[in-house]
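Report on one structure; see the data block that follows.
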Protein chains: 2
Amino acid sequence: MFQSYEAPQSAGESGQRLRQLRQRLIKRGLDAVLVPRADEHQGEYVAPASQRLAWLTGFTGSAGLAVVTRSAAALFVDGRYVVQAPLQVDTSLFGIVQVPPAKPSQWLLDELKAGATVGYDPWLHTEAGIDELAKALNPKGIKLTALAHNPIDTIWGRQRPAPPKGPVVPHALKYAGTAAADKLAELKTRLRREDADAVVLTQPDSIAWLLNVRGSDVAHNPVPLAFAIITVAGKPELFIDKDKIGREAREHLAALVRILPPAALRERLAALKAQGKRVRLDPNTAANWFFRTLRGGRIVRAVDPCLLPKARKNATEIAGARAAHKRDGAVLARFLAWLERESGREAADEIGVAQQLERLRGETQALKDISFDTISGAGPNGAIVHYRVTTASNRKLLPGELYLVDSGGQYLDGTTDITRTVAIGSPTPEMQERFTRVLKGHIAVATARFPTGTRGIDLDPFARRALWEAGLDFDHGTGHGVGSYLSVHEGPQNISRRGMTALEPGMIISNEPGYYKQGAYGIRLENLVLVEEATLIAGAERNTMGFETLTLVPFDRRLVVAALLTEAELAWLNAYHARVWREIGPELGAADRDWLEAATRPMAA
Amino acid sequence: MFQSYEAPQSAGESGQRLRQLRQRLIKRGLDAVLVPRADEHQGEYVAPASQRLAWLTGFTGSAGLAVVTRSAAALFVDGRYVVQAPLQVDTSLFGIVQVPPAKPSQWLLDELKAGATVGYDPWLHTEAGIDELAKALNPKGIKLTALAHNPIDTIWGRQRPAPPKGPVVPHALKYAGTAAADKLAELKTRLRREDADAVVLTQPDSIAWLLNVRGSDVAHNPVPLAFAIITVAGKPELFIDKDKIGREAREHLAALVRILPPAALRERLAALKAQGKRVRLDPNTAANWFFRTLRGGRIVRAVDPCLLPKARKNATEIAGARAAHKRDGAVLARFLAWLERESGREAADEIGVAQQLERLRGETQALKDISFDTISGAGPNGAIVHYRVTTASNRKLLPGELYLVDSGGQYLDGTTDITRTVAIGSPTPEMQERFTRVLKGHIAVATARFPTGTRGIDLDPFARRALWEAGLDFDHGTGHGVGSYLSVHEGPQNISRRGMTALEPGMIISNEPGYYKQGAYGIRLENLVLVEEATLIAGAERNTMGFETLTLVPFDRRLVVAALLTEAELAWLNAYHARVWREIGPELGAADRDWLEAATRPMAA
C-alpha cells in the first residue's frame, strides 16, 4: 500500500525542541530564524530527512513556514490548513497565522526591533522568496543572514532520518518518446539562442524529464533528488548521490552526463563564475544558495528552460496518456461498481474505500505508485478541499450523503488524476442542483475552443459561470498541469485566476470545478484534458485549439438534473458516456460491465 | 458641429523641420531625441499647442512616438495606425514601426553606439515609461537626459498655437452628487491612512471630479488642464492658468482651494521636499518631471487616489446616467429610423450620416459635446476598428453592406457611448451568422453574475466564446470604463485580457464585442452597463454582482439568426427590446415610434 492513514501525532516534543532552537538563536546572535516546509529542490513532496517543520512543530501539511524569535513563534499556513494546523501543533508555543491575508514579513516587522537579524538556510528558500522578504524588512533595517548550517539539523542530530537513496531507473524511449540526447541537444540550442553559457537545473522533475530517468526519493512523485548543470559546450553534469545509480542507470547515463557528488556543486559553480560564463538560473524555483554562490558572476535570471518542453507532451507521451487513462478508467469502473454494491450492503468507510481503490489499481500490475494521497471524503469531510483521511477522522459512507474521491495512479505510460462525487442512497434536490451546476462548468471547459494565445485565466470563468449565477463559487483553481509519469502537479500551465501561461497543444491539464458546502458535503468533478489543435471548423480565421478529455469514467447520473442542462450540454454528457461505455466496457467482467452499461445510459432532457 | 472631417494633410514641411531638429541635436550634444504624442497630463486628447508629433511628422493618431537620431528617424505606432501612418507621414524621412512587436528601446539599441545620449522632455513621459526605457538602454550604456527646454518648441516658435484657455465651470451638485468639500475630506482621510502627507494630482479628470468642475481645454473631454496638490493639513492648491477661472468658477473654488499659476509648481514641490513631507505620486500617470523635482525627497509611489472613487458612481451620477441614456436612446431611435428611410431612397454617405446623428443629438439642447469623434464606417470601412471618416475616405452606404456607427454624447448628467451595426438592404447569411455570434457574446456579458473580487479579465472570455467556437475573435478589449460627464475612456476598470481591477458596484463599463472581416465589413455591438449588487438569488452564499444595461437602443433584428440563440439568449433580447420600447417609445413622434415598435417586436425561436 502506498498510502498510510495514521492520525497526526500531537507534537509532544515541540516545547523542548523550540527551547533548544532558541538557545542556538542566542548563541549565534540571531533575533529570529525561518523554518520552511521545503527541501533543496522546492518540490511538493519532501523526504523525511527534510521535514524540519514537522519535526519542530508537528505540522505535516504540504506548505507552511515557522518563524521563531527569542520570545515568540508563529506557524504560517494557507487556507487549506487552518483546521489541520491547530490539531497538530501546540498552540501555546506557536501562534497559527493564515496567509494570506497575513504575511510573515509583517509579523517580523511587528515582532522585531529595528536592525534585528533573521537567520535562514539559503538552501531552503528560493531567490525570489528571499528577495521579496528582504525588501519588505528593509525599511526597518531588519537584515536576513544566510546560515552555513541549519540549526534544526544540529539539534535533530542522529535522530534525523538519512537522506533518501531511491534507485534511479532509465525511463524507456517507448514511454518518453524523445531520446535524452535529443532533448539535451535542443536545450543547448535554446541556451545559445537565449544568450546563456550554462543552465543550472534544480527541479528534479526537469532533470528526470531531460535525461529520461525516474527515481524514488519522495512519495508519489517518481523523481530522483538531483541537480544538473548543462553547458552549451561540454558534457552535462549530474549532481547526485552515487548510491542511487545502479548498473542500468549508469549505462543509460554514461553517454549523456558526468556523474558528480552533490558536494561538487560549489566548486563547479565557482569554476563557471571564474570563467565569466553566463549562468541561467530560475529565481522562482532555484534556492537562494545558488545565487549567493554565483554572486559577482554573470547570472541570467530566467525560467527553468525544461518547463515548457516538458509540459508539451509528444505523440508517444500522448498515446501513453490515453492508454493509462483507459487502464485507470477500467479500475474506476470496477471501483464504482463495487462501491454501489458495497454501500448497498453495509456502510463502508473512507479508509476502506480508499484502500479498495488502491487495491484495484494495483491489480492492473502496472501501478508504480499512487500519484498523491487519495482524498476520500464522506459527507462533511467531502467539503474539506485537501482532506486526508486518517484513523481519527475516518467516517462511514452513510445513505443520504455524498462521497467524494480524488485519486490518481502513476503508470509508466502516464500519470492520472480523477475526482468523482457519488450519491450514497438518495441525494437531496439541492445536492443534485449543485452537482449539475458543477457539471455545467466542467462541460463548459471540456467543450471550449480558443485561439492561440489563450491562457488558463481566460478559461477559468467558464468553469464558474453556472455557480456564479446561483451566487456560489469554489475557492481553488479549475485545473493544474499534469506530468507524464512525473508530478501530478506540473507547471507552468494551469486554469485559474492566476493562469498567465498560454495553452499549447500537448499540454495535459485537469478540469476540476467543485462546490463545497461547509459541514455538509463537497462536490468535485475532475477529468484530465489534453490541449489539441481544433480541426474542421468551417470558416475559421484563427488557429484554434480545444480539449480532448482523457479520463474515461461516468458521472453519477443520479446527481444530474437533465432539465438544468442545455441541449448542447446534455448531448456532450451522453456522448461522453457513450464513449466511456465503448472504450471501457470491453475491459470489464460481466458484473462490472452491467453496472457500466447502466451508468452510461443516455439521459433524456 | 463638434467633429471635422478634414482629410489628413501630407506633411510637406517634415523634411525641413526634421533637419532643424537634427541641428539642435548636434548643438546640444545629443545622439537622439524622443517626440511622443503626449502633453503634461498624459491624457488621451491633446491640445493643438502640444501636438508636437503631428507638427513634426504629420501623424495625427491618438498614440505614437517619434525617435530621431542624427541619421535615422522612426515613428512607432500601434496596430490601429499602421494603415493611417504611412498615408500621413513622409516615409522617406520616418520609418513606420509597429509596436508591439517592435520596441523603441530595441530600435535605439540597434541604432546608437554604446554610451550614446538620448534627450527627452521630462514633462511628456511618465515616470514608469522613463524608468522602463532607462533599464532597457542601460546594458549598452545609453543614457537618457532630461531636457530643460523642448527642442520642438524652440523650432516651432511663434507658429506654435497658444495653450488652451477653456473656461472652467462648476459642475452642479445635482449632477455630481457629492460635494467637493466632502470628496476632499475623504481624500485627506485616505492619505493619512495610507501614510502620505500630500498627493500630487496630474490627471485633469481626477481634478475635475474632485473639485466638481469641468473645463474645455481639449476636444470631447470636458476637463480643465491643471495640476493639484492636496495636503492632509492646509488648503489644497490648484495650479491653473488664471485666465480660465471666471467669476462663477472663482466663487465655487474659493472655499476649496488656493489658485496658483502652473509655474508655482516647482517651488511648492521644493517646499514639500524641504519639509520632509511624504508626497504621493502615480508613476504610471505622472510625468517624470515630478519625480525629478522631488528626487531626494520622500516619494510615495501609488496609484492616483481619485481613480477608484471616481469610477464608483454615486446614486446621483447613476440616476444621471440613466437619464442621459434615455435621452440618447431617443436620439438613436430617431437616427436609426431616419437612416432606414434615407437609405431606402438614395444612398447616404458616412459623413452625412454622422452629421445627421450629431444634429439629432444637438436637438436635445442638452448636448455639451460629442464624447469622441464618431466612427461611421460603411462596408469595408466598418472593419477598421478606429476608423475616422474624412472627405478622402467618405463612402456611400450601399445595399448589401453593413454600416457600423460608434458614437456618444457628453451631457451634464452623463457620458454615453454606443455602437450599432445595421444592414443596408439585404445582408448575407454569413453577416447574419457573425452578427448573431457577436450578439451572443454581448448577451453573455450583459447577463453575467459574478462574486466580489471578479475582475474584467474574468468576464472578457464570455464575450468571445461564441466567436471562438467558430474559429473567430476580435482584437480589442470587450469594454472600457466610462466617466460621468468626463472621459469616455476612464480607468481603472475594464473588461479585457489585461483587466486586473476588481469590478465594484457603481462602475460604468462598455460591453462591446465585435467581429471584423478585413476588406468586407465590421460588426460591433456596444451598450454601457452599470455594475450593481445582484439581489434575489435564492441560496446565494457569495456577495454577487451583475450588470444593468444603461443603453436603450434596438439591435437590428434583420441581422439576428434566432435559431442560433439559446432560449435564454432570445428571452434576454426580447426583454431588452420590450424595455427599449417601453422607455423610449413615449419619447418619440409618430413616425419614429412606428419604426421603434417594429424594431423592438419580439422574435420567435
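Per-atom-type breakdown for the range B:263-362 gives carbon and sulfur 46% of the accessible area (1.4 Å probe, protein chains only). Please give the FRET efficiency for residue B:16 paired with residue B:117, using the beta carbon to beta carbon distance and R0 = 41 Å, rounded to the nearest 0.05. Here the calculated transfer efficiency is 0.95. For the range B:1-139, which whole-number percentage of the solvent-accessible area (1.4 Å probe, protein heavy atoms only) is attributable to carbon and sulfur atoms? Of all accessible area on the range B:1-139, carbon and sulfur atoms account for 50 percent. What is the log10 of I(q)/I(0) for chain B, computed with the Debye formula using one identical point scatterer on each Cα and no solvent, at q = 0.06, 0.11, 0.12 Å⁻¹? Those come out to -0.33, -1.14, -1.33, one per q. Modelled spin labels at residue B:591 and residue B:98, positioned 7 Å past Cα toward Cβ, are 4.6 nm from each other.
Over all pairs of different C-alpha atoms, the range A:215-364 has a mean inverse distance whose reciprocal, the Kirkwood radius, equals 19.7 Å. Using 0.36 nm per residue and subtracting the Cα-Cα separation, the extra length available between residue B:178 and residue B:165 on full extension is 2.0 nm. In angstrom, the C-alpha Rg and Dmax of the range A:465-597 are 17.0, 50.
Multiplying the residue separation of residue B:270 and residue B:536 by 0.36 nm and removing their Cα-Cα distance gives an extension gain of 90.2 nm. Here each label is just a point 7 Å from Cα along the line to Cβ, and for residue A:319 and residue A:583 those points are 1.6 nm apart.
Choose one of A:283, A:305, A:293: the residue whose Cα lies farthest towards the positive end of the charge dipole of the range A:268-316 (beta-carbon charges +1 Lys, Arg; -1 Asp, Glu; about the Cα centre). Checked the options; the winner is A:293.
As an exercise, take the mean of 1/r over every pair of distinct alpha carbons in the range B:338-436, invert it, and state the Kirkwood radius in angstroms.
After inverting the mean inverse Cα-Cα distance, the result is 14.1 Å.
Threshold 10 Å², probe 1.4 Å: give the residues of the range B:457-476, in number order, that are less accessible with all protein chains present than with their chain alone. Buried by 10 Å² or more upon assembly, which counts only protein chains, are B:457, B:458, B:461, B:462, B:465, B:468, B:469, B:470, B:471, B:472, B:473, B:475.
Here's the picture: charge each Lys and Arg Cβ at +1 and each Asp and Glu Cβ at -1 in chain A, and of A:55, A:589, A:432 the one pushed furthest to the positive end of that dipole is A:55. Computing Rg and the Kirkwood Rh from the Cα coordinates of the range A:304-390 gives a ratio, Rg/Rh, of 1.07.
Debye-formula intensities of the range B:1-56, expressed as log10 I(q)/I(0) at q = 0.19, 0.26 Å⁻¹, are -0.86, -1.14 (one equal scatterer per alpha-carbon, no solvent).
Translational D (Stokes-Einstein, µm²/s) of the range B:383-422 at 37 °C and 0.692 mPa s when Rh comes from the Kirkwood sum over C-alpha pairs?
This corresponds to a translational diffusion coefficient of 268 µm²/s.
Figure note: A:507, B:603 ranked by solvent-accessible area, largest first, 1.4 Å probe, ligands and nucleic acids not counted: B:603, A:507.
What percent antiparallel are the DSSP beta bridges of chain A, to the nearest 5?
If we restrict to bridges inside chain A, about 75 percent are antiparallel.
When the accessible areas of B alone and A alone are added and the area of the pair subtracted, with a 1.4 Å probe, the result is around 2800 Å², both sides summed. Residue B:579 label point (Cα plus 7 Å toward Cβ) to equivalent points in the other copies: 3.9 nm, shortest first. State, as an integer percentage, the relative contact order of chain A based on alpha-carbon contacts under 8 Å between residues 6 or more apart. Worked out over chain A, it gives 11 percent. Note every residue of the range B:539-556 with a reduction of at least 50 square angstrom in accessible area, all protein chains present versus the isolated chain, computed with a 1.4 Å probe, or write none. Those residues are B:541, B:542.
For residue A:299, the solvent-accessible surface with a 1.4 Å probe is about 50 Å², rounded to the nearest 10.
Remark: the protein assembly as shown carries a charge dipole of roughly 4040 debye about the Cα centre, counting +1 on each Lys and Arg Cβ and -1 on each Asp and Glu Cβ. With coordinates expressed along the principal axes, the C-alpha atoms belonging to the range B:377-505 extend over 47, 40, 21 Å, beginning with the largest. Across the protein assembly as shown, the convex hull enclosing all Cα atoms gives 186 Å³ per residue. For chain B, the longest principal axis of the alpha carbon atoms and the long axis of helix B:456-468 meet at an angle near 50°. In the range B:59-189, the convex hull through the Cα atoms has an average projected area of 12.9 nm², a quarter of its surface area. Taking 19 Å as the cut-off, the amide N atoms of the range A:21-41 that come nearer than this to a point 7 Å along the Cα-to-beta-carbon line of residue A:70 belong to A:21-35. Rolling a 1.4 Å probe over the protein chains gives residue A:336 an accessible area of about 10 Å².
Annotation: per residue accessible area for chain A equals 39 Å², rounded to a whole number [probe 1.4 Å, protein chains only]. Estimated from helical segments only, the mean residue ellipticity of chain A at 222 nm is -10500 deg cm²/dmol, where each DSSP H run of four or more residues counts as -39500 (n - 2.57). Taking 30 Å as R0, compute the FRET efficiency from the Cβ-Cβ separation of residue B:154 and residue B:390 and round it to 0.05. Taking R0 as 30 Å, the efficiency between residue B:154 and residue B:390 is 0.40.
The values are calculated or read from the model by the stated rules, or taken from the named source; none is laboratory data. Worth saying up front: this structure is predicted, and the values here are computed from it rather than measured. Here Cβ is always computed from backbone atoms with ideal geometry, including for glycine, and neighbour counts include all displayed protein chains. Quick note on the areas: whole protein, heavy atoms, side chains included, nothing else; ligands and nucleic acids left out. Shrake-Rupley method; radii C 1.70, N 1.55, O 1.52, S 1.80 Å.
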